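Scroll down for the structure; my scribbles are underneath it.
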Amino acid sequence: MSRKILLPGLLLPLLLAACGEPADTHPDKPVTHRRAAFNKILKPFEAMGGQLRQDRFAADKFLELAKQLDSSKEGPWTYFGPDTNYPPTRATAKVWSDAERFATSKQNFLQASSQLLAAAESRNEKQIRAAYEATHETCRNCHKIFKD
């Protein structure tokens with residue numbers, strides 16, 4: 001194999017890796033933990049949305065997913081400390097500069113997700129759809145302001 005082909009083939013993966021996101025260098029890695037906690041929320045929430053969007057509503061499975069969401073909904077919030085606004089965060093500075101509004105957004109999400117669990121327990125698809133959309137709206141509203 002010629003060096004002209006081998007050298008670019010070896011360098012390309014290194015160059016692509018260098019273009020990636022910065023590492024979480026904080027000793028306690030709060031950004032990494034925060035992202036993992038949000039992913040733990042997102043997984044059941046996306047599955048619930050899939051059921052509703054694809055008309056595959058299954059009350060028992062939805063309830064199981066709602067319980068997973070409820071058990072993980074508190075996870076990310078402790079990782080938004082005062083020294084956690086550094087790369088690779090995708091949180092905007094408003095999380096810290098408008099902490100009261102951020103706290104309100106968090107409470108809106110927590111309340112909506114509790115209501116989603118209550119709706120799931122009712123097994124009433126109409127109530128569930130409304131509660132899911134309300135919870136989804138709290139996510140959208142928060143992301144508009146507090147996430148890049």
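Below, the figures for the structure above:
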quantity: Per DSSP, loop trypsin sites (Lys or Arg not before Pro) in region 47-148 with at most 14 further Cβ within 10 Å; calculated: R56, R90, R123
quantity: Relative contact order [Cα under 8 Å, 6+ residues apart], region 39-125, whole percent; calculated: 38 percent
quantity: Cα→Cβ-extended label distance, 7 Å offset, between N39 and R53, nm; calculated: 2.0 nm
quantity: Cleavage-rule hits (GluC sites (Glu not before Pro)) in region 19-114: DSSP loop, at most 16 neighbouring Cβ within 10 angstrom; calculated: E74
quantity: Length-normalised contact order for the chain - Cα pairs under 8 Å, 6+ apart - percent; calculated: 25 percent
quantity: Charge-dipole axis of the chain as Lys and Arg at +1 and Asp and Glu at -1 on Cβ define it, positive-most pick from S105, Q127, P44; calculated: P44
quantity: Accessible area (Å², per residue) of region 74-148, counting only protein heavy atoms and a probe of 1.4 Å; calculated: 58 Å²
quantity: Compactness index (Cα Rg / 2.2 N^0.38 Å), the chain; calculated: 1.36
quantity: Cα long-axis angle, helix 59-72 against the chain (0 to 90 degrees, to the nearest 10); calculated: 60 degrees
quantity: On Cα atoms only, tilt of 125-146 relative to the major axis of the chain in degrees; calculated: 40 degrees
quantity: Sequence-distant residues sharing a close amide H with K147 (under 5 Å, placed H); calculated: T92
quantity: Mean shadow area of region 107-148, taken as a quarter of the surface of its Cα convex hull (nm²); calculated: 2.7 nm²
quantity: The chain: angle of helix 30-53 to the longest principal axis, Cα-based, in degrees nearest 10; calculated: 50 degrees
quantity: Carbon plus sulfur fraction of accessible area for the chain, probe 1.4 Å, in percent; calculated: 57 percent
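The values are calculated or read from the model by the stated rules, or taken from the named source; none is laboratory data. Everything numeric in this text was worked out from a predicted model, so none of it was measured. In this analysis, Cβ positions are derived from the backbone assuming ideal geometry, glycine residues included, and neighbour counts consider all displayed protein chains. We work out accessible area using only protein heavy atoms, side chains counted, and drop any ligands, DNA or RNA first. Shrake-Rupley method; radii C 1.70, N 1.55, O 1.52, S 1.80 Å.
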